[in-house]
1. Of K240/K280; K154/K206; K83/K113; K245/K279; K108/K154, which ones are farther than 27 Å apart at the Cα?
2. Output the 0 to 90 degree angle, nearest 10, between the alpha-carbon long axis of helix 72-85 and the longest principal axis computed from the alpha carbons of the chain.
3. What is the Cα convex hull volume of the range 130-241 when expressed per residue in Å³?
4. Report the normalised scattering of the range 1-117 as log10 I(q)/I(0) at q = 0.14, 0.19, 0.21, 0.23 Å⁻¹, calculated by the Debye formula with identical scatterers on the alpha carbons.
5. Residue farthest toward the positive end of the dipole of the chain, with Cβ of Lys/Arg at +1 and Asp/Glu at -1: which of S254, S332, P148?
6. Which value, in Å², gives the accessible area per residue of the chain when a 1.4 Å probe is used on the protein heavy atoms?
7. By how many nm would the segment from S89 to K108 grow when fully extended, if each residue of separation counts as 0.36 nm and the alpha-carbon distance is taken off?
8. Projected onto the charge dipole of the range 14-96 (+1 at Lys/Arg Cβ, -1 at Asp/Glu Cβ, origin at the Cα centre), which of V84, Y43, T58 gives the Cα projection farthest towards the positive end?
Amino acid sequence: MPKGVLLVNLGSPDSFAIKDIKRYLKEFLMDERVIDLPYLLRYALVHGVILNTRPPKTSKAYQKIWWSEGSPLIVISRWLTEKVQRKVSVPVVLAMRYGNPNIANALKELHSKGVDEVLLIPLYPQYAMATTETIEVLTEKLIKASYPNMRLTKFPAFFHRPEYIEALAKVVRAHLGTAPFDHLLFSYHGVPERHLYKTTPTPAHKHIVEGVTCCDPYSEEGTHCYRSHCFETTRLLAEKLGLEKGKYSQAFQSRLGKDKWITPFTSDKIIELARNGVKKLAVIAPAFVADCVETLEEIEIVGGKSFRKNGGENFKMIPCLNDSDLWVQALSSWINEETRDERSN
């Protein structure tokens, strides 16, 4: 049976025009796995508050990082897809969970190529309800509605895979080189604490201690625990880089609303490090495989300014994996392995 691959990232507005920002935010924030409130409350919050206040600020953020070719996230993801396609023998198609190119059209393209077995790879290393799960759920729904004979295989979270860790390590080494730095901050996208309870309903999440992992990421209960996946990525990469204790730390960014989110917050941590005497700070965002508004604007521009304002001197945002050679090689090898295994069954 013909195989195909669907790579899916989160998405981006079509442009930084207010109308496109509003369309994107509406689709994104009305997702029940992003803002997991009852529908009427979610509708009132998104349509009554957020869409009337947030778009101008979001538009300005995108304007700061927009490329002539378009959104960095989309452009980089296309480069990645093209490079991977040259290294595998099955069709590889890119989609975004929100915005364009969308999953429905990507599935249509794969179907038109004769594909009836799809390997879905959410481009998020650590499993989370608001990223991996929502991608999987929508893809399943669309296949069931339009291609009932199409088989779907979900590629699991790859937060711990040696190829992913090695690709990250090479990017860090390439961009820090021999330049000394006082501290390396690992910044992951944030989620409300209740998302942890929903994906991994274990008592461990009722007693979260800042700086201490909650679950064993390799246990059954840790399979879908985003927080423990982040801790393990940090541990593995720090070990690979030979970082000493106290030379690095971990934080979470991009919180929304007044709910209790996992901590510490990246914005607070940057200030704390600067005020505690860190002069040369490097930041890496392992939860994102492609640079986007969260890395280029929220951390590099806003975070860098905050660091320097509070006494820091040199601020270095390490690029994401993007379309780097080892990352392309890692994805390609996983695809070849998965499709080869299926053919041999």
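The values are calculated or read from the model by the stated rules, or taken from the named source; none is laboratory data. On a predicted model such as this, the values are computed, not experimentally measured, just so you know. Quick reminder, even Gly has a Cβ in these numbers, built from the backbone with ideal geometry, and neighbours come from all protein chains shown. When the accessible area is computed, the model is the full protein with side chains, heavy atoms only, and any ligands, DNA or RNA have been set aside. Shrake-Rupley method; radii C 1.70, N 1.55, O 1.52, S 1.80 Å.
1. Correct reply: K154/K206.
2. The answer is roughly 50 degrees.
3. 139
4. Listed by q, the Debye log ratios stand at -0.69, -1.01, -1.11, -1.21.
5. S254
6. 46
7. Value of the extension gain: 4.9 nm.
8. Comparing the listed Cα positions along the dipole, T58 ranks first.
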